[in-house]
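All remarks here apply to the structure that follows.
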Amino acid sequence: MKSLVAAVLLLAANAHAATLTLDIQGLTKKTGHVLIAVHADAASFNDKGKPAAVRTVEVKDSKLTVSIPDLAPGTYAVSLFHDANDNNKLDTNFIGIPKEGYGFSNNVGARGKPGFDEAKFTLSADGTTLTLTVF
C-alpha cells in the first residue's frame, strides 16, 4: 500500500514538472565545461541562495544543447560560464573583466551582470527552449 501511495505522489509531482532546454551558442574553445545555474529568485541569482538546478556539461563543439527536466513551471533566470580551463571559477583580468565566456537568459549582460528582472523568463508547463549566446 505504501508503494502505491508513493507512486501516485510521484506521478502527481511529475505531472506538474516542465523541461527547460538551453541551446548554447558562441563557445570559442572546445575544452572545459559549461557551468549552468537555473535561478528561481533574485536571491539565488545574486549568490545569496541556492539555485533551482545546476548542470556541468562538457564542451566538445562551439554550441551545445542542455535539457533540464523536472522544474516547476514558473519564473526563472539562467546564468552560465564556460570554464575553458576547468578550474571551477570564472577567470577575470586584474580589473574584474571576464577572460572566459559567460551568458544569461534573454542574452543580457554583455556589459556586466544583469539583474534578475532583466534575465527572467517564464517556463511554461509544456517546457521552454531558450537560445543563449556566450559573450
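Hey, if you put +1 on the Cβ of every Lys and Arg and -1 on every Asp and Glu Cβ in the chain, which of THR21, PHE81, ASN107 ends up farthest toward the positive end of that dipole? Checked the options; the winner is PHE81. Restricting the chymotrypsin sites (Phe, Trp or Tyr not before Pro) of region 48-98 to loop positions (DSSP other than H, G, I, E, B) with no more than 15 neighbouring Cβ atoms within 10 Å leaves PHE94.
Measure off, as a whole percent, the carbon and sulfur share of the 1.4 Å-probe accessible area of region 18-133, all protein chains present.
Accessible surface attributable to carbon and sulfur in region 18-133 totals 48 percent.
For the pair LYS89 and ASP126, a Förster radius of 41 Å applied to the C-beta separation gives a FRET efficiency near 0.70, rounded to the nearest 0.05.
Here the contact order of the chain, divided by its residue count and restricted to Cα pairs under 8 Å and six or more residues apart, works out to 33 percent. Backbone amide hydrogens, once placed in the peptide plane, bring ILE68 within less than 5 Å of LEU20, THR21, LEU22, excluding anything fewer than 5 places away on its chain. Computed with a 1.4 Å probe over protein heavy atoms only, the accessible surface of the chain comes to 59 Å² per residue.
Dipole check for region 18-133: with +1 at the C-beta of Lys and Arg, -1 at the C-beta of Asp and Glu, and the Cα centre as origin, the magnitude is about 260 Debye.
Taking all protein chains together and rolling a 1.4 Å probe, ASP61 ends up with roughly 80 Å² accessible. For LYS120, a cut-off of 19 angstrom between C-alpha atoms picks up these lysines, skipping any fewer than 8 places away in its own chain: LYS48, LYS50. Axis angle, to the nearest 10 degrees, between helix 2-15 and the longest C-alpha principal axis of the chain: 50 degrees. Note on the chain: percent of Cα-Cα distances in each 5 Å bin, starting at 0 and stopping at the bin with the largest distance, equals 2, 10, 19, 21, 19, 12, 7, 4, 3, 2, 1, 0, 0. The trypsin sites (Lys or Arg not before Pro) of region 41-135 meeting both criteria, a DSSP state outside H, G, I, E and B (loop) and at most 15 other C-beta atoms within 10 angstrom of the site's C-beta, are LYS48, LYS60, LYS89, LYS99, ARG111.
The values are calculated or read from the model by the stated rules, or taken from the named source; none is laboratory data. These numbers were taken from a predicted model, which means no experiment stands behind them. For neighbour counting, all protein chains shown are included, and Cβ atoms are generated from backbone atoms with ideal geometry for every residue, glycine included. When the accessible area is computed, the model is the full protein with side chains, heavy atoms only, and any ligands, DNA or RNA have been set aside. Shrake-Rupley method; radii C 1.70, N 1.55, O 1.52, S 1.80 Å.
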